[in-house]
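Engineer: Please see the structure below; I have some questions.
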Amino acid sequence: MRKIIHLDMDAFFAAVEMRDNPALRNVPMAVGGSKDRRGVLCTSNYAARKFGVRAAMPTAHALKLCPQLVLVKPNFHKYSEASEKVFEIFHEFTDFVEPMSLDEAYLDVSNSTDFKGSATLIAQEIRKQIFERTNLTASAGIAPNKLLAKLASDINKPNGLFTVSPNLVDGFIEKMPIERIWGIGKVTAKKMNEMGIKTCKDMQGYTRSELIHLFGKFGDMLFDFCRGIDEREVETEYERKSLGTEETFSSDIKNFDEMKEHVARMFQEVKEALEDYQDKTVKNLHVKIKYFDFKQTTIERQLPLSEESFLLLLEERWCQDPRPIRLLGVGVKFVESKIPSLIQLPLLT
């Protein structure tokens, strides 16, 4: 039986800011961009979440929900440093660590002899070490597989732990809302709810072939997931598939020459970032455009890596729909090796 731990730092970016500035600890606060620049939130602390403030929410909307919200500009260098310390602790307990983001990872401790092989005690010790060395808290879920461990880590958040032992799997998964299951988004959840499928217990009433008919190949996986079955391994290899940057403008841009200036600047940012990936081969270039009405389009071509190539892509796509824009982005895609790609951490934002 596998022993999987899912570790998730609590309100990570906000927690780092509160740690470094005690004045922020007892007030609703969030890390994100300014409302005047159409910013969005990276995360919020738990005091702000009581007002409905959440990550990825537009800053302007968050301030309507919580007018007293304190905004802090993101400091990704500081968050990366804290993340490195946390992952160092993970690797002290097992070599089988699958990073999902700066503040989240799966650990396979199936073969660990620490604490007589108790995954729960290992998770407790990891959380203890994280707090002692970083003054940050983490929540943990312990289970026989990744799906259940991820679900379990949310049960006692923040700063909590929950174990789903093998004999508790059936009871734990049956009452789980389908929205919590990995891979089920809003559209699929809505379709399921309209069919009367609201919990994993409801989904268990369907055969594998019925779920495949309803949801395609994903239905095959759903048949297992709704029963708490997940054969995915904890993968330790990571390969970046792409690299890019984008910017949301404080006011819509109508002038094409101004757009070209932004693309040229962003190309230089990507070019500098590529110096850290000299072992990678660029396959395609892409330009992303989001219009004033939020309509979004992306153009991708196999072209030489140059400023002129990005400007050609911009001109080709924008001239097809020459309207004011609110966001521009440029980036590259790499030639993939045979190493499985697991996550994609944003380098430039």
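Every number in this text was worked out from the coordinates using simple rules, so none of it is lab data. Predicted, not measured: the structure shown is a model, and the values here were computed from it. Using ideal geometry, Cβ is built from the backbone for each residue, glycine included, and neighbour counts are taken over all protein chains shown.
Engineer: If you average over every viewing direction, what projected area does the convex hull of the Cα atoms of the chain give, in nm²?
Structural biologist: 20.1 nm²
Engineer: Based on the alpha-carbon set only, what is the convex hull volume of the range 13-76 divided per residue, in Å³?
Structural biologist: Value for the range 13-76: 69 Å³ per residue.
Engineer: For the range 170-225, what is the charge dipole size about the Cα centre, in debye to the nearest 20, if Lys and Arg each add +1 at the Cβ and Asp and Glu each add -1 at the Cβ?
Structural biologist: Values: 9 positive and 8 negative charges, 46 e Å.
So the dipole magnitude of the range 170-225 works out to roughly 220 debye.
Engineer: Can you give the percent of C-alpha pairs in the range 280-321 whose distance is more than 13 Å?
Structural biologist: For the range 280-321, the share of Cα pairs beyond 13 Å comes to 52 percent.
Engineer: Related question: For the chain, take the longest principal axis of its alpha carbons; what is the angle in degrees between that and the long axis of helix 256-273, to the nearest 10 within 0 to 90?
Structural biologist: 50 degrees
Engineer: 5 Å is the cut-off here: which amide hydrogens, built 1.01 Å from N in the peptide plane, fall below it relative to Ala55, excluding neighbours closer than 5 in sequence?
Structural biologist: Close amide H contacts, sequence-distant or interchain: Ser44.
Engineer: Output the relative contact order of the chain, whole-number percent, from Cα pairs under 8 angstrom with separation of 6+ residues.
Structural biologist: Relative contact order of the chain: 15 percent.
Engineer: Let me ask another. Can you give the FRET efficiency for Met100 and Asp257, using 1/(1 + (r/R0)^6), R0 = 45 Å, r = Cβ-Cβ distance, to the nearest 0.05?
Structural biologist: Working from the Cβ atoms, E equals 0.65.
Engineer: Right, another one. Using the alpha-carbon centroid of each, what span in Å lies between the range 138-171 and the range 1-29?
Structural biologist: 18 Å
Engineer: Normalized C-alpha radius of gyration of the range 242-334, against 2.2 N^0.38 Å? Show your work: numbers first, answer last.
Structural biologist: Details: Rg = 12.7 Å, N = 93, 2.2 N^0.38 = 12.3 Å.
So the Cα radius of gyration is 1.03 times the expected 2.2 N^0.38 Å.
Engineer: Moving on. Report the full-extension gain for the segment Ser209 to Ser306: residue separation times 0.36 nm, less the Cα-Cα distance, to one decimal in nm.
Structural biologist: 30.0 nm
Engineer: What is the ratio of the Cα radius of gyration of the range 130-210 to 2.2 N^0.38 Å, where N is its residue count, to two decimals? Don't jump to the answer; show the numbers that get you there.
Structural biologist: Numbers: Rg = 15.3 Å, N = 81, 2.2 N^0.38 = 11.7 Å.
Taking N as the residue count of the range 130-210, the ratio is 1.31.
Engineer: Please tell me the relative contact order of the range 13-76 in percent, rounded to the nearest whole number, where contacts are Cα pairs under 8 Å and at least six residues apart.
Structural biologist: 35 percent
Engineer: In a shell of Cβ-Cβ distance under 13 Å around Met221, excluding Met221 itself, what net charge do Lys and Arg (+1) and Asp and Glu (-1) give? Walk me through the numbers on the way to the answer.
Structural biologist: Values: positive: Lys146, Arg208, Lys217, Arg227, Arg232; negative: Asp220, Asp224, Asp230, Glu231.
Cβ neighbours under 13 Å give a net charge of +1.
Engineer: Go through the range 226-307 and name the GluC sites (Glu not before Pro) that are in a DSSP coil and have 11 or fewer other Cβ atoms within 10 Å of their Cβ.
Structural biologist: Filter output for the range 226-307: Glu231, Glu237.
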